[in-house]
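Input: a single structure, listed below in structure tokens.
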Amino acid sequence: MSTSKLKRPIVSHSPSTGPGSPDVWGIYEPDTGSIQYVCADPATKKAALIDVVWNFDPKNYRFSTESMDQVLDLVRENGLTVEWVLDTHPHADHVMASAHLKKRTGAPAAIGEKVHDIARLWAGLYNMPGVFDPARDFDRLFAEGETFRIGELETRVMLSPGHTLGSITFVCGDAAFVHDTLMQPDAGTSRADFPGGNTGQLWDSIQAILALPPGTRIFVGHDYGTDTREEPMWEATVAEHLAGNKHVRAGTRREDWTRRRDARDATLPLPDRILAALQINLRGGRLPPAEHDGHVYLKLPVNRF
């Protein structure tokens, strides 16, 4: 299968559907299959940046900024003002750009409040007690059901654990940014086997998302194509998922999905960036302090996974 379209940083615009509905741009990051989002109020041109990538080469342990640069170029080209820098969870497959975006835009960085629990879990796995302090490294920690505004658009926070124990979904008008819960309908659902993940919780989170109004635009966190689809995609409605999601379409039984998900997850290796990414992402996208030689070092647990 040719993968040429899966190797390009594609941009797609999903326009507002009317009053109370945001403009959404998805920016595909090909190295990790991540989708970065710009969610903007058409009336005020105020915007939130969601799950933006700080590029990391796991072979050479070097960072670059082409993805966040592309996102910020899109912001400028469309006359937008960044009001929020948002992450749905501390990502395992890419390094978050939040700290850099905060410096470059002046906008506050936010994530879900259960990041405290994720930080404690991973501090134990890294044997780095007391190193991670989300209250220090994020400006806002959202609770379940909390609301805030992007321009004039009210945005609601849904706690949607399962992929991680503290993942959140942002619902802004008819747009829901559902991160690593659902994939595209022809790809199914995301994994739940990372530390703190839980298959049953992921099922419950997905059902809460699919209980949103049928026309809600669902924006997923990743796409890798399929055996028959070479072009990345990341938008489908609740109705389309209920009609055709290969894992959780309407009528799917919880026990059947759980069995299928657990069997699939048991075959999956860890993402190649996870052990580097988590200790950076749990600092809000910041590297550890430089050591006495002026260089930065990461810590990797051995024989823990």
Quiz item: Plugging the Kirkwood radius over Cα pairs into Stokes-Einstein for the range 153-213, at a temperature of 25 °C and a viscosity of 0.890 mPa s, what D comes out in µm²/s?
Solution: 211
Quiz item: Taking the Cα-to-Cβ direction at Asp193 and at Glu152 and moving 7 Å from each Cα, how far apart do the two end points lie in nm?
Solution: 4.9
Quiz prompt | Histogram of C-alpha separations across the range 137-274, 5 Å bin width, % | solution = 2, 10, 19, 23, 21, 14, 8, 3, 1
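Can you pull a Stokes-Einstein diffusion coefficient for the range 1-83 at 25 °C (0.890 mPa s), Rh from Kirkwood over Cα pairs, as a whole number of µm²/s? List each step's numbers first, then the result.
Details: Rh = 13.7 Å.
Calculated translational D: 179 µm²/s.
Sort 76-83, 240-247 for me by packing, meaning the mean count of neighbouring Cβ atoms within 10 Å per residue, highest on top. Write down the numbers at each step before the final one.
Values: 76-83: 15.0, 240-247: 18.4.
The packing order, highest mean first, is 240-247, 76-83.
Going by a ≥ b ≥ c, the root eigenvalues of the Cα gyration tensor, does the range 61-111 fall in the rounded group (a/c under 1.5), the prolate group (a/b larger than b/c) or the oblate group? Numbers along the way, then the final one.
Details: a/c = 2.02, a/b = 1.30, b/c = 1.56.
Taking the square roots of the gyration eigenvalues as a ≥ b ≥ c, the range 61-111 is oblate.
Sorted by packing (mean other beta-carbon atoms within 10 Å per residue), highest first, where do 29-40, 256-267, 150-161 land?
Numbers: 29-40: 22.7, 256-267: 13.6, 150-161: 20.2.
Top to bottom by mean Cβ count within 10 Å: 29-40, 150-161, 256-267.
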Practice problem: For Lys7, list the aspartates and glutamates whose Cα falls under 18 Å from its own Cα; do not include residues on the same chain fewer than 8 positions away. | Solution: Glu29, Asp31, Asp57, Glu66, Asp69, Asp93, Asp223, Asp227, Glu230, Glu231, Asp272
Quiz prompt | Cα gyration tensor shape for the range 92-191, rounded if a/c is under 1.5, else prolate or oblate | solution = oblate
Quiz item: For the chain, what's the relative contact order in percent, using C-alpha pairs closer than 8 Å and at least 6 residues apart?
Solution: 17
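Wrap a convex hull around the Cα atoms of the chain, take a quarter of its surface area, and give that in square nanometres. Display every interim value, and only then the final one.
On the way: hull surface 62.3 nm².
Its Cα hull, projected and averaged over all orientations, spans 15.6 nm².
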Quiz item: So which lysines pass the test for Lys103, namely a Cα distance under 18 Å, with those fewer than 8 places away in the same chain ruled out?
Solution: Lys46
Quiz item: What is the local net charge at Gly173, summed over the other residues whose Cβ is closer than 13 Å to its Cβ (Lys, Arg +1; Asp, Glu -1)?
Solution: -2
Quiz item: Of Tyr126, Tyr61, Tyr224, which has the largest mean-square fluctuation in a 10 Å C-alpha GNM of the chain?
Solution: Tyr61
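Taking 0.36 nm per residue of separation and subtracting the Cα-Cα distance, what length does fully extending Thr17 through Arg249 add? Write down the numbers at each step before the final one.
Numbers: separation 232, 0.36 × 232 = 83.52 nm, distance 2.48 nm.
Result for the pair: 81.0 nm of gain on full extension.
Could you compute how fast the range 197-305 diffuses translationally, taking Rh as the Kirkwood radius over C-alpha pairs and applying Stokes-Einstein at 20 °C with viscosity 1.002 mPa s? Give it in µm² per second. It would help to have the intermediate numbers written out before the result.
Values: Rh = 17.4 Å.
Taking Rh from Cα pairs, D becomes 123 µm²/s.
Any read-out appearing in this document is the output of simple, stated calculations on the displayed coordinates, not a laboratory observation. Predicted model, so just to flag it, every value in this text is computed and none were measured. All Cβ positions, glycine included, derive from the backbone under ideal geometry; neighbour counts span all protein chains shown.
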